[in-house]
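What follows is a set of notes on a single structure, which appears directly below.
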Amino acid sequence: MTFELPMPPSVNAMFATDWKTKRRFVSKSYATWKENATNLLGAQYAAYGSPSVHRPVALTIKLGLNYQSDIANREKALTDLLVANIDMPDDRYIERIVIERDQTITGALVTVEGSALA
């Protein structure tokens, strides 16, 4: 299954800190991205028939970024989104993640592969 999603935030922008209390919280930009991406993912996943993804799991992530940004810092938001919204194992069970820069696309393309999509 391949999903077209908006560009995820860098892991550095996912959380903010209240320096008075020293507590971390979800940043506004991450919350906005997550809401939008959840809606898009849900519609695309339903179009695939909402199959279960079984171990071993492999992901291929293509990001439409130039060389001003670290592509590895975008993976965590995407894997957390997938685990929370499709029937797949927790991200600790992902066996392989390939992350590629592809300036011909806008946003992110995420391909999920499992031992049996059923």
Do the sum for the chain: with -39,500 (n - 2.57) for every DSSP H run of n ≥ 4, divided by all residues, what is the mean residue ellipticity at 222 nm, to the nearest 500 deg cm²/dmol?
-> -8500 deg cm²/dmol
Under Stokes-Einstein, segment 15-100 at 10 °C and 1.306 mPa s, with its Kirkwood radius over C-alpha pairs, diffuses with a coefficient in µm²/s of 108
Compute the distance in nm between two label points, each set 7 Å from the Cα along the Cα-to-Cβ direction, one at T2 and one at S52.
-> 2.7
Return one number: the angle in degrees, 0 to 90 and rounded to the nearest 10, between the long axis of the Cα atoms of helix 75-85 and the longest principal axis of the Cα atoms of the chain.
-> 60
Nearest 10 degrees, 0 to 90: helix 28-47 Cα axis against the chain principal axis = 10
Can you list the lysines whose alpha carbon sits under 24 Å from that of K62, skipping same-chain ones fewer than 8 residues off?
-> K34, K76
Which FRET efficiency, nearest 0.05, do R23 and D102 yield, Cβ-Cβ r, R0 35 Å?
-> 0.40
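Any read-out appearing in this document is the output of simple, stated calculations on the displayed coordinates, not a laboratory observation. Owing to the predicted nature of the structure, the values given are computational and were not obtained by experimental measurement. Every residue, glycine among them, receives a Cβ derived from its backbone with ideal geometry; neighbour counts consider all protein chains shown.
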